[in-house]
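Read the structure below first, then the notes.
Laboratory data are not the source of any read-out in this text; all were calculated from the coordinates shown. What you are looking at is a predicted structure, and each value in this text was computed from that prediction instead of being measured. Glycine gets a Cβ as well: all are built from the backbone with ideal geometry, and neighbour counts include every protein chain shown.
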Amino acid sequence: MALRLWASSAAKALKLSGARAVAPAFSISRFFSTVHDGLKYTHSHEWVKHHEDGVVTVGITDHAQSHLGEVVFVELPEAGAQVSAGGSFGNVESVKATSDVNSPISGEVVEVNSKLSETPGLINSSPYEDGWMIKVKPSSPGEADGLLDAAKYTKHCEEEDAH
């Protein structure tokens, strides 16, 4: 899902190129998007949060949801489904488009955010907390080590927005 930050166009129009507001230590605010330290990210704008029990939570980034616009429908797999790194596990439909959501890691889906079927807008209002999508028990725990940290993801988004 090649997503572009809508705010970068606004920032360029307002001659704010390169501007970055810095939020509290746990996150980096990019124009109007937030990137959290402590999470891992993909080039296709999904995030991963590791838990002590070995399970990871997966969702789409603030950057992704801001590009999509108002999310109106979310299709997710059922618990027990297998996901593969880089493979689609569901999709998000917004007023603008429908986009595949790719799994950052391989493993078994152990929980699905059922709230999203009734309130898909949680992805817009709370992409890193209430808008998470699935929890996965990784088949290869070190697989997420190759994902981007907050600083690299921020740089990736800035380079992508420049094009």
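In table form, for the structure just shown:
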| read-out | value |
| --- | --- |
| Neighbour-count ranking [beta-carbon atoms within 10 angstrom, fewest first] of 40, 49 | 49, 40 |
| Anchor residue 155: aspartates and glutamates whose Cα lies under 14 Å away (excluding residues fewer than 8 positions away in-chain) | 37 |
